[in-house]
Structures are given as structure tokens and as C-alpha cells.
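Asker: Please read through the structure below; I'll follow up with questions.
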Amino acid sequence: MAERELEAACELLIDPSPENLDRCSAVLASAAAHVAAGPMARGERGLLRVSIGRASRLLETAADYHRQWQKILRGLTGSGYTVAGELSAAPVRGRVSIEG
């Protein structure tokens, strides 16, 4: 069950829109609850590790995608420059947090 939910989360992360990230968060929470609920067979644990690795890489790619767009937008609007003419670090609130 958890592996199917992780795969569903990965499908959402292929298109990292804000809506998909929000939906993905709920799917990942459900998968975590299933993992915490009880023991798994060895083969199931292996499949789960593969799915978790894929989801992790997709989450990192999605985060990088949004960081790059924020950098571009700050540069285009001129609101993100320091006195020295460099792009400033914009205060950004994280949307996804995973513990495990």
C-alpha cells in the first residue's frame, strides 16, 4: 500500500506545480502512516526503498526548479538586488517538510 502511494506521489512530482506539491504532501503523509502502522515483508521493504529514493530525487528536482524560477523572477523585477548589485537571498518559506 505504501509503495503505491509513493509511486502516486512520484507521478505528481513529475509536474511540480504548487497544486501537485500540495497533493503530494498528503499522499506522502498517508504513505508514512502505512509504513509506521506495521511490519513489512523483505521484498516490500526493498520496493519501498526504491520508491522512497525516486520520490526523494523528484522532490529535490522540484525544489531546485522553484529556487531557479525565484532567482530569475527576483532578477527580472529588480527587487532582489543588494546595494552591491548582486542578487539578494529572498526570504522563502518552505512548503514541503519530510522527516524520517
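Asker: Spin-label point model (7 Å from Cα, Cβ direction): what's the residue 26 to residue 69 distance in nm?
Answerer: Going by the 7 Å Cα→Cβ label model, 2.1 nm.
Asker: Now, a different point. Points 7 angstrom from Cα along the Cβ direction at residue 14 and residue 33: gap in nanometres?
Answerer: Spacing of the two 7 Å Cα→Cβ label points: 2.6 nm.
The numbers here are math on the coordinates, done by the rules we state, and not lab data. Keep in mind the model is a prediction, meaning the values are calculated, not measured. When we count neighbours, we look across all protein chains shown, and the Cβ atoms used for this are built from the backbone with ideal geometry, even at glycine.
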